1. Which residues, taken from the range 170-182, are surrounded by 13 or more Cβ atoms within 10 Å (Cβ to Cβ) and either β-branched (V, I, T) or not in a helix (DSSP H, G or I) (or both)?
2. Look through I284, I259, I292 and report the one residue that is in contact with a helix residue (DSSP H, G or I) (Cβ under 9 Å, 6 or more places away or on another chain), modelled with pLDDT of 80 or more and buried (at least 18 other Cβ atoms within 10 Å of the Cβ).
3. Taking the conditions exactly as written (buried (at least 17 other Cβ atoms within 10 Å of the Cβ), modelled with pLDDT under 75 and either assigned to a helix (DSSP H, G or I) or charged (D, E, K, R) (or both)), does Q186 satisfy them or not?
4. Within the range 143-152, how many residues are in a helix (DSSP H, G or I) and either open to solvent by less than 50 Å² (accessible area, probe 1.4 Å) or small (G, A, S) (or both)?
5. Based on what the data block shows, is F125 open to solvent by less than 10 Å² (accessible area, probe 1.4 Å) and hydrophobic (A, V, I, L, M, F, W, C)?
6. Considering only the range 222-245, state which residues are among the hydrophobic types (A, V, I, L, M, F, W, C), surrounded by fewer than 21 Cβ atoms within 10 Å (Cβ to Cβ) and modelled with pLDDT of 75 or more.
7. Looking at the structure I just gave you, is T283 within 16 Å of L46 (Cβ to Cβ), touching a Leu at 6+ places or on another chain (Cβ under 8 Å) and in contact (Cβ under 8 Å) with a residue 40 or more places away in the chain?
Amino acid sequence: MSSCSTSYIDWNFYLYCSGLVLAGAINSALIGFLWTKKRFANYKYLMLAFAVAGLVFSGCNVVVNPIIHMGRNSVVIFSSHKYSRLPKRFAAFVACFGMMISSVFIKVVYRYTSVTKPARLATLFSKNSFILWTLLVVLYSSLFGCSSYFFFASNDSNDQATNEEFMTAFCMTPDEYSYIGAQYYQKNIDNGTIRFHIPSLCGTIILSFLMIFPIFPIVSIICRMFQIFKEPGVPAYASRKVQREFAKTLMIQSGYPAIFVYLPFLLMFVFGLHFSFLAYLFTISVAIYPCINSMVTMIYVAVLREELSKCFCCNRCHRQRVGFIDTYIDRSVAYVMQEMAIRDGAPLP
């Protein structure tokens with residue numbers, strides 16, 4: 001009696017659909033709220049971009065339905081034709097990794113500039129520079145997508161191994177699924193010799209570089225911001241409390257994908273660690289990642305949390321507390337001064 005089953009494939013699809021529903025609700029609420037507010041200055045457009053990117057990424061999960069399978073000498077991402085038949089869909093899914101990293105990098109640069117040199121926000125994040133930042137995201141995403149498409153494409157040797165494994169594990173024939181994957185080596189059955197698969201090795205090196213390289217400037221910038229907060233005087237034009245809120249938000253938004261998405265991906269594809277829990281962790285993390293960004297923003301940015309509480313809580317929830325008005329005014333003044341710096345492009349007194 002065969003022990004193969006497609007329940008794991010169905011479970012992945014339902015998980016991605018649940019993530020899309022949650023991401024749609026959370027990100028849509030954040031987008032609708034930010035669209036009607038002016039107090040966040042130009043920073044709100046970055047938060048809007050993050051929310052839209054989350055919706056795109058979550059939608060891509062459902063369309064592609066990526067599933068990790070660890071073979072004897074390979075790791076593949078496959079999708080059942082039961083849920084998706086779009087061509088080149090895996091390249092779009094991997095490209096979303098580049099979109100995630102580049103978006104975090106842009107947001108970190110914006111926050112660091114607002115802390116150290118707010119007058120430069122007028123030039124670095126103007127309407128004209130918006131095109132350049134968009135091109136950066138598109139270029140970096142394209143590098144991810146093209147690397148996976150050209151270096152991890154299916155081949156005859158890998159097909160022979162995956163066909164047998166997929167029939168055993170999922171009762172699927174070759175015409176029922178598509179895949180991309182890294183095959184580390186090919187073994188000759190006749191004489192037992194081993195030959196390394198050069199395209200897969202090149203692809204893993206390129207993807208590793210694209211994932212690891214941005215981490216160093218992101219970590220160094222965030223560490224530098226926390227050092228500035230400890231220095232005497234008020235950093236830039238906002239209070240330490242406000243700037244720490246944004247710094248903590250960035251730290252969580254950067255740390256979550258690095259630990260729960262990129263690290264399992266690198267461990268499986270680059271180092272070839274065949275642990276089932278890594279595949280489960282990767283799938284769950286990818287499904288809920290679009291929800292995490294917006295939730296972190298709404299929880300840790302106090303002025304946004306206070307505004308949202310007014311929308312969902314009754315009047316009894318808004319009793320005045322000691323120091324509440326001063327804190328609220330302090331944040332409001334910070335955003336007004338940020339808007340002045342962006343509009344005028346001149347140093348603040």
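The values are calculated or read from the model by the stated rules, or taken from the named source; none is laboratory data. Please read all numbers here as calculations on a predicted model, not as lab measurements. Virtual Cβ from ideal backbone geometry, glycine too; neighbours counted across all protein chains shown. Ligands, DNA and RNA are excluded from the accessible area calculation, which covers all protein heavy atoms including side chains. Shrake-Rupley method; radii C 1.70, N 1.55, O 1.52, S 1.80 Å.
1. Matches in the range 170-182: C171, M172, Y177, S178, Y179, I180, G181, A182.
2. Selected residue: I292, the only one of I284, I259, I292 that is in contact with a helix residue (DSSP H, G or I) (Cβ under 9 Å, 6 or more places away or on another chain), modelled with pLDDT of 80 or more and buried (at least 18 other Cβ atoms within 10 Å of the Cβ).
3. Here the answer is no, as Q186 does not meet what is asked.
4. Qualifying residue count, the range 143-152: 4.
5. So F125 does not fit the description; no.
6. I222, C223, F226, I228, F229
7. Against the criterion (within 16 Å of L46 (Cβ to Cβ), touching a Leu at 6+ places or on another chain (Cβ under 8 Å) and in contact (Cβ under 8 Å) with a residue 40 or more places away in the chain), T283 does not qualify.
Listed here are the residues, each with its yes/no results for (1) surrounded by 13 or more Cβ atoms within 10 Å (Cβ to Cβ); (2) without any contact (Cβ under 8 Å) to a residue 24 or more places away in the chain; (3) part of a helix (DSSP H, G or I).
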{"residue": "V115", "(1), (2), (3)": "yes, no, yes"}
{"residue": "A119", "(1), (2), (3)": "yes, no, yes"}
{"residue": "I131", "(1), (2), (3)": "no, yes, yes"}
{"residue": "S141", "(1), (2), (3)": "yes, no, yes"}
{"residue": "S154", "(1), (2), (3)": "yes, no, no"}
{"residue": "E164", "(1), (2), (3)": "no, yes, yes"}
{"residue": "T168", "(1), (2), (3)": "no, no, yes"}
